[in-house]
Amino acid sequence: MSEVLANTSKGHIEVRNFSLAYETIEGPVQAVTDTQIHVRPGEFVSIVGPSGCGKSTLLNAVAGFLKPTTGIVTVDGDRVNGPSAERGMVFQQYSLFPWKTVRENVEFGLKMRGMPRSQRERAARTLLGLAGLEAFEKHYPEKLSGGMKQRVGIVRALATGPKVLLLDEPFGALDAQTRVIMQQILTNMWQRLKISVLFVTHDIDEAIFLSDRVYCMTARPGSIKAEIPIPLERPRQQSMMMSSEFLALRRGLMSLIREESLKAMGGEINDMGMQGLNIELHGHSLADVI
Amino acid sequence: MSSPALVRHPEDSMPATAIAEASRAPAATPLATPASFGTIALRWYRLNQGRLRATAIGIASLIAFLLVWHLLTTYRVVFFVRFTNVPSPLAVYASFTTAIHDPKFLMHILLSCRRIFIGFSLAAIVGVPLGLIMGRFKLVHEVIFPVAEVLRPIPAIAWVPMAIMLWPTNEQSIVFITFLGSFFPVLVNTLHGMSLVDPVLVRAAQCLGARERSIFREVYFPASLPHIFTGLTVGMGVAWVSLIAAEMISGQYGIGYFTWEAYSLVQYADIALGMIAIGVLGLGSSLLIRGAGQLVMPWRST
């Protein structure tokens, strides 16, 4: 088990001078430009930003699915060259293997590493027990609720003992109540494992509630607009979300994102032609009108 | 179990709310209460009402079909279509009871089954791996796909003269035609399945440490299985179509030949018997494939 949940104090993510462009027929389109972020070992860092700002692109580059056009992504000094088991990933669409049972899904990473069957079965059972899923080990994912699926997704990503955990809007498809529970579970697991977490979300409350630090991105082409430390004490309770401290952070982040969202929308609306939409600005900015 | 930090406090590892959520999930099994036989029977009836209804109506409709057939033939109805020479169900049944004891009839059936087995198996053994490889490796796809697209629209029956030239024996050419009939549906559906594999699942496997071969085995192949089985089912249907046509044209044995021979020998009851035998064999073989599919893909049943 020790190598399954290796509790190293490593997992230093660094993204330097990062930019990423897609090739299109009209030439390259910048998705992310001039971005620097870092996650210290054991830190919980979120990235928020308006939709389409490239936060998932950035995360996918850290995972190794996308190659940066310029700049470099390193984990503990080693350059990221492609996906690997040392960077666990949790997806919004759960992406469990439908043809594998819950336990087989969790075992997958260990199987890839060549761990013998009996050993990985035991490890998977222990992990499922921690997530309260031992009763469902033989079920196929299709039979599970969204929250349970995502718990399996998180456990599966943690099973190989990765240095960092990357989550791409993992709770975006869940209902509000389940989302809150999942945030608690994730916090618990993170505190036990002392693993570095990079978390992408568009939910500001979620980002503040979970993180040590939040990066706010600009509208496309995305770059880091602000870096906000979250000094809220841990363990954090749901009630904390009503505290003045929390609300102040929320207001700050909200206005940052609102600005960027409007910029993004304004761009689109201008592209479509304001006359066609019958919007008269009368010298006001779009932000004032909306 | 040398991860004390994780294992020591399993009781506080989950908030109670999460456990509550787990217990109201759809997968939770109902609490078993002791029930009398009567209650269980009633429950079974209620749960299976839809299926029972469908079965009952199905049987009734088959009986109605036989009855109409019987009436049309006993009164020798001529109304655009001529039922004068069409054998009645009872006549067909009589010829069935004699045929079942006739080793020649059984040999026709066995030979047809053997041709289907060899031709279809070859199609599956070649078509499925080829489809998987074409789906995964662009170059193979680019080389083979155009040829396949040109050959695919040619009906297997149109291959009969060519097959006779290609193969030294009649038997081989019939098997070849059966193979061709099922090969293309298998290939095309496997390819289709490969093209629909969710790229996020491939990514998930990659960041769990899976390399190319494992991804192929653990993601691409199982993800394509439902379409592969669609291809096998369609392929089996076309295999029978092709086989019967080939047997009627160039065969000396087989159920298709039996049916055609019955017409030549003016044994009208045997025509219908041959047709029914073909129908039953086709139905049986597609049921076999469906059963195999359920065995191979347990996550899709129930």
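A few remarks follow.
- All helices (runs of 4 or more DSSP H) inside the range B:125-214 with 3 or more residues being within 14 Å of chain A (Cβ to nearest Cβ) and over 30 Å from B:Ala245 (Cα atoms): B:199-206
- Taking the conditions (1) outside any helix (DSSP H, G or I); (2) closer than 27 Å to A:Val15 by Cβ in turn, A:Gly132 satisfies each one other than (2).
- Restricting attention to the range A:122-142, the residues that are more than 9 Å from chain B (Cβ to nearest Cβ) and either among the aliphatic types (A, V, I, L, M) or open to solvent by less than 40 Å² (accessible area, probe 1.4 Å) (or both) total 4.
- For the range A:100-118, taking the residues that are open to solvent by 10 Å² or more (accessible area, probe 1.4 Å) and among the polar types (S, T, N, Q), the one that is nearest to A:Arg151 (Cα to Cα) is identified as A:Thr101.
- Residues satisfying the stated conditions in the range B:237-258, i.e. open to solvent by less than 10 Å² (accessible area, probe 1.4 Å) and closer than 20 Å to B:Gly284 by Cα: B:Ala239, B:Ser242, B:Leu243, B:Glu247, B:Gly254, B:Ile255, B:Gly256
- Count of the range A:169-185 residues, restricted to those that are within 11 Å of chain B (Cβ to nearest Cβ) and under 18 Å from A:Ala159 (Cα atoms), is 2.
- The range A:251-290, residues that are touching a helix residue (DSSP H, G or I) at 6+ places or on another chain (Cβ under 6 Å) and either at pLDDT below 60 or not aliphatic (A, V, I, L, M) (or both): A:Gly266, A:Leu286, A:Ala287
So that you can scan it fast, the table gives a plain yes or no per residue for (1) without any contact (Cβ under 8 Å) to a residue 12 or more places away in the chain; (2) buried (at least 16 other Cβ atoms within 10 Å of the Cβ); (3) closer than 30 Å to A:Trp99 by Cβ; (4) more than 14 Å from chain A (Cβ to nearest Cβ):
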{"residue": "B:Ala269", "(1), (2), (3), (4)": "no, yes, no, yes"}
{"residue": "B:Gly274", "(1), (2), (3), (4)": "no, yes, no, yes"}
{"residue": "B:Leu288", "(1), (2), (3), (4)": "yes, no, yes, yes"}
{"residue": "B:Gly291", "(1), (2), (3), (4)": "yes, no, yes, yes"}
{"residue": "B:Gln294", "(1), (2), (3), (4)": "yes, no, yes, no"}
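- Number of the condition not met by A:Phe97 [criteria: (1) modelled with pLDDT under 95; (2) in a loop (DSSP other than H, G, I, E, B)]: (1)
Yes or no, residue by residue, for (1) assigned to a helix (DSSP H, G or I); (2) buried (at least 22 other Cβ atoms within 10 Å of the Cβ); (3) of a type outside the set (D, E, K, R):
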| site | (1), (2), (3) |
| --- | --- |
| A:Phe171 | no, yes, yes |
| A:Val197 | no, yes, yes |
| A:Asp205 | yes, no, no |
| A:Lys225 | no, no, no |
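- Any hit, the range B:179-191, residues being closer than 30 Å to A:Thr57 by Cα and free of Cβ contacts under 8 Å to residues at least 40 places away in the same chain: no
- For the range B:34-52, the set of residues classified as in a helix (DSSP H, G or I) and either in contact (Cβ under 8 Å) with a residue 12 or more places away in the chain or surrounded by 11 or more Cβ atoms within 10 Å (Cβ to Cβ) (or both) consists of B:Thr39, B:Ala41, B:Leu42, B:Arg43, B:Trp44, B:Leu52, listed by residue number.
- When B:Thr55, B:Thr98, B:Thr84, B:Thr74 are checked against the criterion of being in contact with a strand residue (DSSP E or B) (Cβ under 8 Å, 6 or more places away or on another chain), open to solvent by 50 Å² or more (accessible area, probe 1.4 Å) and hydroxyl-bearing (Ser, Thr, Tyr), a single residue qualifies: B:Thr84.
- As a summary of the residue check, A:Pro235 satisfies the conditions (1) outside any helix (DSSP H, G or I); (2) modelled with pLDDT of 90 or more except for the one numbered (2).
- Residues (open to solvent by 70 Å² or more (accessible area, probe 1.4 Å), aliphatic (A, V, I, L, M) and without any contact (Cβ under 8 Å) to a residue 24 or more places away in the chain) located in the range B:155-178: B:Met162, B:Met165, B:Leu166
- Of all residues making up the range B:252-265, the number that are closer than 15 Å to B:Asn170 by Cβ and under 25 Å from the mean Cα position of the chain (by Cα): 4
- When the range A:143-155 is filtered for residues that are assigned to a helix (DSSP H, G or I) and either open to solvent by less than 10 Å² (accessible area, probe 1.4 Å) or within 7 Å of chain B (Cβ to nearest Cβ) (or both), the ones remaining, listed by number, are A:Lys143, A:Gly147, A:Met148, A:Gln150, A:Arg151, A:Val152, A:Gly153, A:Ile154, A:Val155.
- Taking (1) open to solvent by 50 Å² or more (accessible area, probe 1.4 Å); (2) in contact (Cβ under 8 Å) with a residue 40 or more places away in the chain; (3) among the polar types (S, T, N, Q) in turn, B:Ser112 satisfies each apart from (1).
- Test: B:Leu243 is within 14 Å of chain A (Cβ to nearest Cβ) and touching a Ser or Thr at 6+ places or on another chain (Cβ under 8 Å): no
- Candidates in the range A:67-99 are the residues that are within 13 Å of chain B (Cβ to nearest Cβ) and surrounded by fewer than 19 Cβ atoms within 10 Å (Cβ to Cβ); of these, the one that is farthest from B:Ala204 (Cα to Cα) is A:Asn81.
The values are calculated or read from the model by the stated rules, or taken from the named source; none is laboratory data. Quick caveat, the model's predicted, so the values are computed rather than measured. Here Cβ is always computed from backbone atoms with ideal geometry, including for glycine, and neighbour counts include all displayed protein chains. We work out accessible area using only protein heavy atoms, side chains counted, and drop any ligands, DNA or RNA first. Shrake-Rupley method; radii C 1.70, N 1.55, O 1.52, S 1.80 Å.
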